[in-house]
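Asker: Starting off with a structure, shown below.
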Amino acid sequence: MIPLPRRYLPALQTLAVRTLESHPRGADDKTLARTVLLGVADLLIQSGLEGVLVELDRASPPVPADDRHALADHPVYAVSFATAIGALELDGGGPRNQRPLRLADAVLATLGLELVDDAPMTALPDTTRAEVVTAIASVVDVEIALPRLRDAIIELARASLELRYHHAFEKIAANLDERGMRVDKIPKVPLDAVQVVQQALADARRTHLATVGRAAIDRALPAIERADPEAAARVDKPVTHALTPRDVAIARATAGSVPKTPSAVARALLDGLVDAARLAWSAADKPVRPYAASQVFQIGEVVEHVKFGRGEVTATGPKRIDVEFADGMHTLVHAGLITAP
């Protein structure tokens, strides 16, 4: 069995929920299996748990730890998981809210993952979090501001291209949106040039965002070190294999699902760093409310949950809230949408 920290079970179950919501009833088992396994690979890589993929390397053929598609297309794991999904009869009877749990359990069984208790988290003062947030924002707000983000992407992409593609590049770059994330209209240039330029732009986006992420974390590290030198040292130590909490934070910030706005990138950097480095923020000075699904909660409130203990609300939605507890982030239900004051 391959160990998987228990705190990632909620994330796995959330992945199952979203997959089932996005696939119609009666969806092909192979399609469903591939979607889930792609999500599992992303979860592992973006949590510094690519060591799990390394363990799966022992399969024949092996699963490269740096290829998210390898697990989803694996001739053994993909086929076994599709078979397991078929056996679940997800479109049959039974409580609807049990479907994601059964799907998540099937992932664990198919991949041979065993839930284990993780190392304890290091509690840091809430004032340290404020300093870390400010430090990260001081870099991200500048480097991902408009039009600086677009200009940086264009400059990096142009420099990486052979001279023979520069004419096509200028035409394509002129049609980039204001953030440099999308080409609004493809001009009339040779197809091979379009493909080369698009790849150069994609590489430039990742390179620039990774550079910004590293600089932001560098600026935030002194605040963590002042509060706990050992916690700061963990930022650049591998989690389970080769990825460090810094790598995890950057991987989350550069993920395609994260909008490339300063606030979203800064949040992804902070979440990745805190999660992988096993950090928690004390919130003893704030009033504590007992959690109940019938209540409405605001960002910043501290709740007491019968199972997870004390945590702080970090995001709200129409029916859900994200709460950061000592064992990690959990998504809970609440009665409505409230924005931060």
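Asker: Is the C-alpha gyration tensor of the range 98-203 telling us rounded, prolate or oblate? Criteria: a/c under 1.5 is rounded; beyond that, a/b larger than b/c is prolate, otherwise oblate.
Answerer: oblate
Asker: Residues of the chain: accessible area per residue at 1.4 Å, in Å²?
Answerer: For the chain, the solvent-accessible area averages 50 Å² per residue.
Asker: Additional query: Let a ≥ b ≥ c be the square roots of the eigenvalues of the Cα gyration tensor of the chain; is it rounded (a/c under 1.5), or, if not, prolate (a/b larger than b/c) or oblate?
Answerer: Details: a/c = 1.61, a/b = 1.14, b/c = 1.41.
Here the chain falls in the oblate category.
Asker: On to the next question. In the neighborhood of THR254, defined by Cβ-to-Cβ distances under 10 Å, what is the net charge if each Lys or Arg adds +1 and each Asp or Glu adds -1?
Answerer: Numbers: positive: ARG205, ARG206, ARG252, LYS260; negative: none.
Around THR254, the charge tally is +4.
Asker: For the chain, with the dipole built from +1 on Lys and Arg beta-carbon atoms and -1 on Asp and Glu ones, taken about the Cα centre, which of ALA27, PRO3, ALA137 lies farthest toward the positive end?
Answerer: ALA27
Asker: Arrange the peptides 213-223, 40-50, 146-156 so that the one whose residues have, on average, the most other Cβ atoms within 10 Å appears first. Spell out each step's value before the answer.
Answerer: Numbers: 213-223: 20.1, 40-50: 23.2, 146-156: 16.9.
Highest mean packing first, the order is 40-50, 213-223, 146-156.
Asker: Could you check what % of the DSSP bridge pairs in the chain are antiparallel, to the nearest 5?
Answerer: Percent antiparallel among DSSP bridges in the chain is about 60.
Asker: Could I ask something else about it? Just how large is the dipole of the chain about the Cα centre, in debye to the nearest 20, putting +1 at every Lys and Arg Cβ and -1 at every Asp and Glu Cβ? Let's see the in-between values first.
Answerer: On the way: 39 positive and 44 negative charges, 151 e Å.
Charge dipole of the chain: 720 debye, to the nearest 20.
Asker: Accessible area of GLU89, 1.4 Å probe, to the nearest 10 Å²?
Answerer: Around 130 Å² of this residue is reachable by solvent.
Asker: Keeping all protein chains in place and using 1.4 angstrom, which order do GLU312, GLU178, GLU162 fall into by accessible surface area, from largest down? Let's see the in-between values first.
Answerer: Working: GLU312 20, GLU178 125, GLU162 100 Å².
Order by accessible area, largest first: GLU178, GLU162, GLU312.
Asker: Another one. Assuming R0 = 56 Å, can you tell me the calculated FRET efficiency for the pair LEU191 and ARG226, based on Cβ-Cβ distance, to the nearest 0.05?
Answerer: Values: r = 55 Å, r/R0 = 0.97.
It comes to 0.55.
Asker: Let me have the relative contact order for the chain, percent, based on Cα pairs under 8 Å that are six or more residues apart.
Answerer: Reported relative contact order: 17 percent.
Asker: What's the extension gain from GLN295 to ASP184 if we count 0.36 nm per residue and subtract their Cα-Cα distance?
Answerer: 35.6 nm
Asker: Once every DSSP H run of n ≥ 4 in the chain is given -39500 (n - 2.57) and the sum is divided by its residues, what mean residue ellipticity at 222 nm do you get, rounded to the nearest 500 deg cm²/dmol?
Answerer: Helix-only estimate at 222 nm: -16500 deg cm²/dmol.
Asker: According to a simple spin-label model (label point 7 Å from Cα along Cα-to-Cβ), what is the distance in nm between THR134 and ARG164?
Answerer: 5.4
Asker: Right, here's the next one. First measure r as the distance between the Cβ atoms of ASP29 and HIS305, then evaluate 1/(1 + (r/R0)^6) with R0 = 25 Å and state the FRET efficiency to the nearest 0.05.
Answerer: 0.10
Asker: What FRET efficiency, computed as 1/(1 + (r/R0)^6) with R0 = 30 Å and r the Cβ-Cβ distance, is obtained for GLU21 and THR207, rounded to the nearest 0.05?
Answerer: 0.35
The values are calculated or read from the model by the stated rules, or taken from the named source; none is laboratory data. Model, not experiment: these values are computed from the prediction. All Cβ positions, even for glycine, are placed from backbone atoms using ideal geometry, and neighbour counts span all protein chains on display. SASA here: full protein model, heavy atoms, side chains in, ligands and nucleic acids out. Shrake-Rupley method; radii C 1.70, N 1.55, O 1.52, S 1.80 Å.
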